[in-house]
1. Among the residues of the range 22-42, how many are under 14 Å from V131 (Cα atoms) and either outside any helix (DSSP H, G or I) or among the hydrophobic types (A, V, I, L, M, F, W, C) (or both)?
2. Considering each residue of the range 108-152, count those that are under 20 Å from L88 (Cα atoms) and assigned to a helix (DSSP H, G or I), and give that number.
3. S61: among the polar types (S, T, N, Q) and at pLDDT below 95, yes or no?
4. Could you please find all residues in the range 1-35 being exposed (fewer than 14 other Cβ atoms within 10 Å of the Cβ), among the basic types (K, R) and either modelled with pLDDT of 70 or more or touching a Leu at 6+ places or on another chain (Cβ under 7 Å) (or both)?
5. Answer yes if at least one residue in the range 48-63 is within 30 Å of I150 (Cα to Cα) and not in a loop (DSSP other than H, G, I, E, B), and no otherwise.
6. Residues in the range 57-80: is at least one within 27 Å of T5 (Cβ to Cβ) and polar (S, T, N, Q)?
7. Looking at the range 121-150, I want the residues that are of a type in the set (S, T, Y) and have a partner that is buried (at least 17 other Cβ atoms within 10 Å of the Cβ) with Cβ atoms under 6 Å, at least 6 apart or on another chain. Which pairs are those?
8. For the range 78-113, what are the residues that are modelled with pLDDT of 95 or more, more than 21 Å from L25 (Cβ to Cβ) and not aliphatic (A, V, I, L, M)?
Amino acid sequence: MKQRTLFDAFSEGACTQCFPRAALLLRLAMGYVFLASGLSKLFQADWSAAGFLAVSDGPFSEMFQALSGSMVVDQLNIWGQILIGAALILGFGVRTASFFGVILMGLYYMAQFETNTAHGFIDEHIIYALVFLLFLVGGFGHVYGLDSLIEQRLSKKMEWFKFFLG
């Protein structure tokens, strides 16, 4: 039997036809933002995170500046965005993708901490992280996504895998 999720609780208190559609649109929009950003970096021959990291400020600036120019960091950034975006669009592994989305947004925020907090503590990275947090706990992969189809077909031996879906 499917476990009750935060999404189920939201759905019961909202317009029963509107909320799932709005949730799907939010998931697709976030997926598009990340997929498009990752693909644009992938197809830009000279893209590197070095420019962003080299001007890092705040309490963690030395750590981020040390990562500047690393091909590993560049590839993790590119493929992280692509995989997060694709997972959200397909509704596959939404919980796992959202976990890494929260981490990625936290890293982006901390890399430019002084710049990001110049006009308050909330910027787009925090908003994105909060949306990912909602996806993480809310079961958004079950709304017109592959997560619900996969979960229905999992055998009792694979129960542990359900944790990564949602």
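1. Residues that pass the stated criteria total 10.
2. Adding up the residues that qualify gives 26.
3. So S61 passes the test.
4. R4, R21 - these are the residues of the range 1-35 that are exposed (fewer than 14 other Cβ atoms within 10 Å of the Cβ), among the basic types (K, R) and either modelled with pLDDT of 70 or more or touching a Leu at 6+ places or on another chain (Cβ under 7 Å) (or both).
5. The answer is no, given that none of the residues of the range 48-63 is within 30 Å of I150 (Cα to Cα) and not in a loop (DSSP other than H, G, I, E, B).
6. Checked against the condition, which is being within 27 Å of T5 (Cβ to Cβ) and polar (S, T, N, Q), the range 57-80 yields no hits at all.
7. Y128/M105; S148/H142
8. Answer for the range 78-113, where residues must be modelled with pLDDT of 95 or more, more than 21 Å from L25 (Cβ to Cβ) and not aliphatic (A, V, I, L, M): W79, G80, F99, F100.
The values are calculated or read from the model by the stated rules, or taken from the named source; none is laboratory data. Everything numeric here is computed off the predicted structure, so don't read it as measured data. All Cβ positions, glycine included, derive from the backbone under ideal geometry; neighbour counts span all protein chains shown.
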